[in-house]
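Worksheet for the structure shown next.
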Amino acid sequence: MEPPKNHPRYRSLMTRELLVKGLREGLVTEQGLIAHGRGEAFDYLLGERTTEPAGRAIEAAASMLLLSERPVISVNGNVAALVLGDLMVLSDILDCPVEVNLFHRTEERVKRIADRLREVGCRKVLGEAPDRKLPGLDHPRALCSSEGIFISDTVLVPLEDGDRCELLKKGGKRVITVDLNPLSRTARTADITIVDNIVRAVPALSTQLRSLKLEGIKEEGLRSILSNFDNGRNLEHSLDIIRGNRS
Ligand code: PTJ
């Protein structure tokens with residue numbers, strides 16, 4: 001049920017509604033609701049806004065993606081339920097595939113999510129017929145496509161679990177994640193962690209990509225943005241915001 005528009009927590013409540021709808025439609029797993037609850041708690045402590053360190057991570061992520069030759073966007077149930085249309089925009093700007101990769105994998109849910117991605121206009125959707133396995137993890141989430149994650153150089157993996165993030169790193173990939181918990185293993189393992197709600201981070205990343213493209217920033221400019229970015233220091237800044245020590 002839609003909350004009243006003047007409710008102070010309208011956006012947060014609407015995000016919950018999207019997840020519940022996603023659960024009913026078979027996109028989201030039950031565990032996804034629990035994972036979202038954890039994310040919400042951090043979002044509350046961060047002030048439900050894109051903080052300064054999140055903005056810096058978004059700029060670095062956009063630079064890394066523009067410098068990549070074979071970027072891929074990995075999609076799970078929560079991500080599909082919350083930012084389906086935004087994923088299409090992002091994959092369009094980057095001209096890259098989106099690959100469905102689930103923690104709680106069922107073929108039915110993979111197909112549903114892939115169908116929805118195609119419905120909103122994603123041009124290259126992978127994940128339904130994985131033909132490779134990332135070595136080092138005996139779990140369905142190691143499955144991937146030889147046209148996508150397997151040959152990618154950079155993977156955007158929002159709301160990811162720590163094991164797979166480590167596996168991608170060991171496989172030589174550059175990893176960008178979106179995770180509201182700056183203490184999570186994924187947040188600490190990724191090259192770039194955007195500590196922000198996925199509902200704000202993905203549209204902001206598209207905006208940043210567009211503006212870097214419009215400004216015509218050359219490769220060396222993008223490299224310089226990246227070399228000035230320090231993920232560990234950025235995560236510390238997010239933690240300081242949560243502790244109330246910095247804004
Ligand atoms: O659809 P599936 O089967 O692939 O499952 C997806 C979930 C998210 C259930 C699965 O990957 C999972 O269990 O994830 P974790 O290990 O709980 O990690 C999710 C991380 O995302 C946690 O650190 C949360 O704080 C964070 N998170 C949750 N909701 C959001 C979020 N970060 C950003 N935006 C959110 N809306």
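The values are calculated or read from the model by the stated rules, or taken from the named source; none is laboratory data. These numbers were taken from a predicted model, which means no experiment stands behind them. Here the Cβ positions follow ideal geometry from the backbone for every residue, glycine too, while neighbour counts run over all protein chains shown. Accessible surface is based on the protein model in full, side chains and every heavy atom, while ligands, DNA and RNA are left aside. Shrake-Rupley method; radii C 1.70, N 1.55, O 1.52, S 1.80 Å.
Using the structure shown, decide if VAL72 is within 14 Å of the ligand (Cβ to nearest atom), modelled with pLDDT of 95 or more and surrounded by 20 or more Cβ atoms within 10 Å (Cβ to Cβ).
Taking the combined requirement at face value, the residue does not satisfy it.
For the stretch 23-46, name all the residues that are closer than 18 Å to PRO203 by Cβ and among the small types (Gly, Ala, Ser).
Hit for the stretch 23-46 is GLY39, nothing else.
If I ask for residues that are among the charged types (D, E, K, R) and within 9 Å of the ligand (Cβ to nearest atom), which ones from the stretch 164-214 would you list?
Matches in the stretch 164-214: ARG164, ASP179, ARG185, ASP196, ARG200.
Please verify whether LEU235 is of a type outside the set (D, E, K, R), surrounded by fewer than 19 Cβ atoms within 10 Å (Cβ to Cβ) and part of a helix (DSSP H, G or I), treating the condition exactly as stated.
No; evaluated as a whole, the condition is false for this residue.
What tally of residues in the stretch 111-120 results from selecting those that are open to solvent by less than 40 Å² (accessible area, probe 1.4 Å) and either within 12 Å of the ligand (Cβ to nearest atom) or charged (D, E, K, R) (or both)?
Matching residues across the stretch 111-120 total 1.
The conditions are (1) on the phi > 0 side of the Ramachandran plot; (2) more than 12 Å from the ligand (Cβ to nearest atom), and TYR10 fails exactly one of them. Which is it?
Exception for TYR10: condition (1).
Out of the residues in the stretch 181-198 meeting the condition of being of a type in the set (A, V, I, L, M, F, W, C) and open to solvent by less than 20 Å² (accessible area, probe 1.4 Å), tell me which one is nearest to ARG243 (Cα to Cα).
VAL195
Name the single residue, out of those in the stretch 156-171 being in a loop (DSSP other than H, G, I, E, B) and at pLDDT 95 or above, that is farthest from LEU67 (Cα to Cα).
Checking each candidate, the answer is LEU159.
If we keep just the residues of the stretch 121-155 that are open to solvent by 30 Å² or more (accessible area, probe 1.4 Å) and assigned to a helix (DSSP H, G or I), which is nearest to the ligand (Cβ to nearest atom)?
PRO140
Determine which member of the set GLU108, GLU99 is surrounded by 20 or more Cβ atoms within 10 Å (Cβ to Cβ), charged (D, E, K, R) and modelled with pLDDT of 95 or more.
GLU99
Filter the stretch 54-95 down to the residues that are assigned to a helix (DSSP H, G or I), out of contact with any Leu (no Cβ under 9 Å at 6 or more places or on another chain) and not small (Gly, Ala, Ser) and list them by number.
ARG56, VAL89, ASP92
Looking at the stretch 33-53, is at least one residue out of contact with any Phe, Trp or Tyr (no Cβ under 9 Å at 6 or more places or on another chain), of a type in the set (Ser, Thr, Tyr) and assigned to a helix (DSSP H, G or I)?
Yes, the stretch 33-53 has at least one match.
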